[in-house]
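> I'd like to ask you about the structure that follows.
The values are calculated or read from the model by the stated rules, or taken from the named source; none is laboratory data. Just so it is clear, the model here is predicted, and its values are computed rather than measured. So basically every Cβ, Gly included, is an ideal-geometry build from the backbone, and we count neighbours across all protein chains shown. Just so you know, the surface numbers come from the protein's heavy atoms only, side chains and all, with ligands and any DNA or RNA stripped out. Shrake-Rupley method; radii C 1.70, N 1.55, O 1.52, S 1.80 Å.
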Amino acid sequence: MKDLAGKHIVLGLTGGIACYKSAELCRLLIKAGATVQVVMTAAAEQFITLVTMQALSQRPVATSQWDAREANNMAHINLSREADACMIAPCSADFVAKLAQGRADELLSLMCLARPADSVPLLIAPAMNREMWSHPATQRNLAQVAADGAVVLGVGTGEQACGETGDGRMLEPQELLDELIAFFQPKVLAGQHVLVTAGPTYEAIDPVRGITNLSSGKMGFAIARAAREAGATVTLVVGPVSLPTPRGVQRVDVRSASNMLAAVTEKAPVASIFIATAAVADWRPAQASEQKIKKDSTSATPELSFVENPDILVALAQSPRGQSGELFCVGFAAESHDLLANAQAKRLRKGVPLLVGNIGPATFGQDDNALLLVDELGARELSRDSKLALARKLIADIAVRIRARG
Ligand code: C5P
């Protein structure tokens, strides 16, 4: 099921260089399953053509409140009543000012004012020069627009078309798509702080060699994203992986199990949910050599001895907040066989209320998975699906448990 299946989006374009990104955004919205009706101001038409936007959205672009083709001659009413959401991207400083004042002298602002605010949300993606962005008038207008109920998305930082560098770039199309998808997810974890571990750990043998494993981190990243979409504050502590950080998630990069424990211990006091998906190395070399171990004809083959790593999940589950249930701890088990029996045993050994089993070797690096949720009452299977879809189901399940706990 596509993330925006069944959603009808009005995509409004106002004047700004970032209009070139809106073409890609339109494509992404359609690829995600939405139908898209583009509305453009006269200023937007200076930056991108109606032809491009019509071709990409597969519908004529709406530009005028006087469009006689509308049977009732009320384009502003018809457009806004059909929509599941309106997204203005790019939203210029001038258009923010118009929204703040409730002006309605062309189709897009008229439609925004006429939309049923309770059922048709308005999301705006500002785009402007950094001086315009930081001007008190713009910030005052944005605060007013947010107070009136619009969702004001952030801006990017970096090089601007005018040659200056700073805040005010429109977010990238993929970021805007992710924001819209997140917007439609139920906010079942609003007010919760979720701490997630993900990826492998790396245990050094010497400065250039180490021991790691094949965990890709994808399941943990999907869970962090799903928790964020569900309205939680999310901290993601990750071993060495190069996956992009989900939007709005605070990421802490670590290397070894000891580093991961230290980062998790620091963040845990403010967390209410801990989800341990990391494939933490069970052992580390007893003594990492400070210098590279050299291979030469005189030296013997090196022998490695190991010491056990701290168990991060056990440490948190056994902490006073873990024990009292103030910190709801969820473990993962990657097994190669006897998933149910192994997951049940692991849940008891770790002392966690919920343990999620999966068949490890089959899922490493893949985009899909199947999960088995094991608690004190039994087991429930989440059948094969994308890791993100499963992560959303797991988050929904955890939310029910948190609510039941009171
Ligand atoms: O014992 P095993 O490694 O199979 O346990 C897996 C679960 O415990 C996962 O949730 C994993 O993130 C967590 N774990 C941990 N610290 C360790 C080992 C495992 O947090 N040192």
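> For the subset of the range 307-335 comprising residues that are of a type in the set (D, E, K, R) and in a loop (DSSP other than H, G, I, E, B), which member is surrounded by the most Cβ atoms within 10 Å (Cβ to Cβ)?
So, considering only residues that are of a type in the set (D, E, K, R) and in a loop (DSSP other than H, G, I, E, B), the one surrounded by the most Cβ atoms within 10 Å (Cβ to Cβ) is D311.
Table: residues versus (1) surrounded by fewer than 16 Cβ atoms within 10 Å (Cβ to Cβ); (2) of a type in the set (D, E); (3) at pLDDT below 95; (4) out of contact with any His (no Cβ under 7 Å at 6 or more places or on another chain).
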| residue | (1), (2), (3), (4) |
| --- | --- |
| G15 | no, no, no, yes |
| K21 | no, no, no, yes |
| E24 | yes, yes, no, yes |
| R27 | yes, no, no, yes |
| Q54 | yes, no, no, yes |
| A62 | no, no, no, yes |
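> Scan the range 1-24 residue by residue and report those that are in contact with a strand residue (DSSP E or B) (Cβ under 6 Å, 6 or more places away or on another chain) and not in a loop (DSSP other than H, G, I, E, B).
If the condition is that a residue be in contact with a strand residue (DSSP E or B) (Cβ under 6 Å, 6 or more places away or on another chain) and not in a loop (DSSP other than H, G, I, E, B), then H8, I9, V10, L11, G12, L13, C19, S22 are the ones that fit.
> Does T63 satisfy being more than 22 Å from N78 (Cα to Cα) and either over 29 Å from the mean Cα position of the chain (by Cα) or not assigned by TED's automatic domain parsing to the domain that holds H76 (or both)?
For T63, the condition - more than 22 Å from N78 (Cα to Cα) and either over 29 Å from the mean Cα position of the chain (by Cα) or not assigned by TED's automatic domain parsing to the domain that holds H76 (or both) - is not met.
> Just to verify a result, which residue in the range 210-236, among those that are farther than 17 Å from I395 by Cβ and assigned to a strand (DSSP E or B), is most open to solvent (accessible area, probe 1.4 Å)?
I211
> Also, I was wondering about something else. How many residues does the range 260-292 contain that are touching a residue at least 24 places away in the same chain (Cβ under 8 Å), within 16 Å of the ligand (Cβ to nearest atom) and closer than 30 Å to E175 by Cα?
Final tally of qualifying residues: 13.
> Quick one: in the range 368-400, which of the residues that are open to solvent by 60 Å² or more (accessible area, probe 1.4 Å) and under 22 Å from the mean Cα position of the chain (by Cα) is farthest from R347 (Cα to Cα)?
Of everything passing the filter in the range 368-400, R384 is farthest from R347 (Cα to Cα).
> As an exercise: evaluate E381 against (1) within 14 Å of the ligand (Cβ to nearest atom); (2) part of a strand (DSSP E or B); (3) out of contact with any helix residue (DSSP H, G or I) (no Cβ under 9 Å at 6 or more places or on another chain) and give the number of the one condition it does not meet.
Only one criterion in (1) within 14 Å of the ligand (Cβ to nearest atom); (2) part of a strand (DSSP E or B); (3) out of contact with any helix residue (DSSP H, G or I) (no Cβ under 9 Å at 6 or more places or on another chain) is unmet by E381, namely (1).
> What number goes with the only condition from (1) in contact (Cβ under 8 Å) with a residue 60 or more places away in the chain; (2) in contact with a Leu (Cβ under 7 Å, 6 or more places away or on another chain) that E24 does not pass?
Checking E24 against (1) in contact (Cβ under 8 Å) with a residue 60 or more places away in the chain; (2) in contact with a Leu (Cβ under 7 Å, 6 or more places away or on another chain), the one that fails is (2).
> Could you check, for the range 293-306, whether at least one of its residues is open to solvent by 30 Å² or more (accessible area, probe 1.4 Å) and near the ligand (Cβ under 8 Å from one of its atoms)?
No: the range 293-306 contains no residue that is open to solvent by 30 Å² or more (accessible area, probe 1.4 Å) and near the ligand (Cβ under 8 Å from one of its atoms).
> Looking for something free of Cβ contacts under 8 Å to residues at least 40 places away in the same chain and farther than 22 Å from A23 by Cβ - is there at least one such residue anywhere in the range 79-87?
Scanning the range 79-87 turns up at least one residue that is free of Cβ contacts under 8 Å to residues at least 40 places away in the same chain and farther than 22 Å from A23 by Cβ.
> Another question, if that's okay. Which number in (1) without any contact (Cβ under 8 Å) to a residue 60 or more places away in the chain; (2) within 30 Å of S386 (Cβ to Cβ); (3) of a type in the set (S, T, N, Q) marks the one condition that Q54 misses?
Unmet for Q54, out of (1) without any contact (Cβ under 8 Å) to a residue 60 or more places away in the chain; (2) within 30 Å of S386 (Cβ to Cβ); (3) of a type in the set (S, T, N, Q): (2).
> Only one of these conditions is not met by P207: (1) surrounded by fewer than 17 Cβ atoms within 10 Å (Cβ to Cβ); (2) in contact with a helix residue (DSSP H, G or I) (Cβ under 8 Å, 6 or more places away or on another chain); (3) closer than 30 Å to T301 by Cβ. Which number is it?
Only one criterion is unmet by P207, namely (2).
> For residues in the range 1-13 being open to solvent by 20 Å² or more (accessible area, probe 1.4 Å) and hydrophobic (A, V, I, L, M, F, W, C), which is farthest from F184 (Cα to Cα)?
M1
> Name the one entry in V152, V96, V145 that is over 18 Å from A42 (Cα atoms), open to solvent by less than 40 Å² (accessible area, probe 1.4 Å) and of a type in the set (V, I, T).
So the residue among V152, V96, V145 that is over 18 Å from A42 (Cα atoms), open to solvent by less than 40 Å² (accessible area, probe 1.4 Å) and of a type in the set (V, I, T) is V145.
> What residue, of M87, M74, is closer than 23 Å to L50 by Cα and out of contact with any strand residue (DSSP E or B) (no Cβ under 8 Å at 6 or more places or on another chain)?
Only one candidate qualifies: M74.
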